[in-house]
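The values are calculated or read from the model by the stated rules, or taken from the named source; none is laboratory data. Please read all numbers here as calculations on a predicted model, not as lab measurements. Virtual Cβ from ideal backbone geometry, glycine too; neighbours counted across all protein chains shown. Just so you know, the surface numbers come from the protein's heavy atoms only, side chains and all, with ligands and any DNA or RNA stripped out. Shrake-Rupley method; radii C 1.70, N 1.55, O 1.52, S 1.80 Å.
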Amino acid sequence: MSAAGRVADSTGNWVDRHAPLWARPYLRLARADRPIGSWLLLLPCWWSAALAADHTGALPNIWHLVLFAIGTVAMRGAGCTWNDLVDRDLDALVERTRSRPIPAGDVSVNAARGFLLLQALVGLAVLLQFNAFTIALGIASLAVVAVYPLLKRITYWPQIGLGLAFSWGALMGWAAAFGRLDPPALALYAGSIAWVIGYDTIYAHQDREDDALIGIKSTALLFGERTKPALAAFYAAAVALIALAGFSAGAGVLFAAGLALFAAHLSWQIRRLDVADPALCLAVFKSNRDAGLVLFAAIVAEGLARQWL
């Protein structure tokens with residue numbers, strides 16, 4: 001595969017069309033061709049920052065929202081690079097992932113390590129803009145990120161590891177505002193974990209046949225034909241815990257309305273899903289960005305209403 005080659009499950013994107021040839025393998029390594037992961041990492045950060053603002057009767061700190069956006073792009077890229085370094089031998093065995101830059105030979109292992117360091121330094125520069133408690137909390141997340149790629153080798157629940165990592169922002173937004181963690185942030189974190197387990201189970205159904213052949217474990221394989229009831233349980237837990245977070249932080253009617261729309265979207269996902277259709281699994285997975293943005297808009301609207309009333 002040449003430097004201009006494409007990753008099998010991501011074609012026709014801005015990287016393929018517009019990025020310089022030399023940069024394309026590195027942008028693919030960071031998943032810049034698939035921004036959905038950055039969105040899903042960012043949304044719990046924004047939920048938390050907006051909920052912290054609701055708790056004080058203020059509007060979200062725009063500077064914090066911008067910092068979280070930059071930081072999630074950098075750290076999601078770093079996490080994907082680390083994941084691909086750890087999984088490079090396994091990726092070569094899976095149809096969907098064998099064309100990724102490292103197994104395809106577009107990026108060497110040493111070059112990927114250097115790129116990982118560069119992205120981590122960008123993330124550190126962003127993190128240092130926050131208070132000391134948030135800095136320490138952000139550094140603590142690295143332990144979860146480091147372990148996650150190994151979980152699929154030993155447990156059918158690697159999605160819990162991803163949930164712990166991708167939901168960390170639910171703690172960070174609150175910590176950035178108050179320099180501490182309180183029950184609403186912890187409830188939001190737990191609710192986000194349940195949400196992540198649900199949507200990543202959907203995503204994992206794309207690879208379940210290859211995963212079964214090479215011994216990789218996932219909740220998609222664990223649940224199998226019972227995936228829909230399992231999703232219903234996790235999504236219901238997500239809605240209940242996020243409701244607890246919002247109402248305990250003082251959110252009101254507009255938050256409740258947004259949460260109802262969020263819940264309706266999750267219900268639609270379960271009804272729409274066909275686990276035997278990989279393309280549909282990917283589309284349903286990606287739709288979680290819209291669900292998360294609806295919830296964020298509702299939390300912000302709650303704060304705006306308080307400013308006007």
Problem set entry | Single unsatisfied condition, Tyr199 versus (1) over 17 Å from the mean Cα position of the chain (by Cα); (2) in contact (Cβ under 8 Å) with a residue 12 or more places away in the chain; (3) in a helix (DSSP H, G or I) | (1)
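Of the residues Ala69, Ala78, only one is small (Gly, Ala, Ser), surrounded by fewer than 21 Cβ atoms within 10 Å (Cβ to Cβ), in contact with a helix residue (DSSP H, G or I) (Cβ under 8 Å, 6 or more places away or on another chain) and over 23 Å from Leu282 (Cβ atoms); which?
Values: Ala78 fails: surrounded by fewer than 21 Cβ atoms within 10 Å (Cβ to Cβ).
Result: Ala69 is the single residue among Ala69, Ala78 that is small (Gly, Ala, Ser), surrounded by fewer than 21 Cβ atoms within 10 Å (Cβ to Cβ), in contact with a helix residue (DSSP H, G or I) (Cβ under 8 Å, 6 or more places away or on another chain) and over 23 Å from Leu282 (Cβ atoms).
Okay, residues lined up against (1) in contact (Cβ under 8 Å) with a residue 60 or more places away in the chain; (2) in contact with a His (Cβ under 6 Å, 6 or more places away or on another chain); (3) under 22 Å from Gly169 (Cβ atoms):
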{"residue": "Arg271", "(1), (2), (3)": "no, no, no"}
{"residue": "Ala279", "(1), (2), (3)": "no, no, no"}
{"residue": "Val284", "(1), (2), (3)": "yes, no, no"}
{"residue": "Ser287", "(1), (2), (3)": "no, no, yes"}
{"residue": "Ala298", "(1), (2), (3)": "no, no, yes"}
Exercise. If you check Ala120 against the conditions, is it open to solvent by 20 Å² or more (accessible area, probe 1.4 Å), at pLDDT 95 or above, touching a His at 6+ places or on another chain (Cβ under 8 Å) and not in a loop (DSSP other than H, G, I, E, B)?
Worked result: no
Seminar exercise, completed: Note on region 108-159: residues over 29 Å from His64 (Cα atoms) and among the hydrophobic types (A, V, I, L, M, F, W, C) are Val109, Ala111, Ala112, Leu150, Leu151, Ile154, Trp157
For this session: Check region 276-285 and report whether any residue there is part of a helix (DSSP H, G or I) and of a type in the set (D, E, K, R).
Result: no
For this session: Kindly indicate whether any position in region 268-290 is open to solvent by less than 40 Å² (accessible area, probe 1.4 Å) and closer than 30 Å to Phe178 by Cα.
Result: yes
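Give region 130-188 a look and list any residue that's among the hydroxyl-bearing types (Ser, Thr, Tyr), open to solvent by 50 Å² or more (accessible area, probe 1.4 Å) and part of a helix (DSSP H, G or I), or say none.
Hits for region 130-188: nothing passes.
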Problem set entry | Matching residues in region 202-211 - criterion: being outside any helix (DSSP H, G or I) and surrounded by fewer than 24 Cβ atoms within 10 Å (Cβ to Cβ) | Gln206, Asp207
Exercise. From the set of residues in region 128-167 that are over 22 Å from Asp182 (Cα atoms) and of a type in the set (Phe, Trp, Tyr), which is nearest to the chain's Cα centre (by Cα)?
Worked result: Tyr148
Seminar exercise, completed: Pairing a residue in region 120-140 that is under 15 Å from Ala170 (Cα atoms) with any residue that is open to solvent by 60 Å² or more (accessible area, probe 1.4 Å), where Cβ atoms lie under 7 Å and the two sit 6 or more apart in sequence or on different chains, gives Phe133/Arg180; Ile135/Leu128
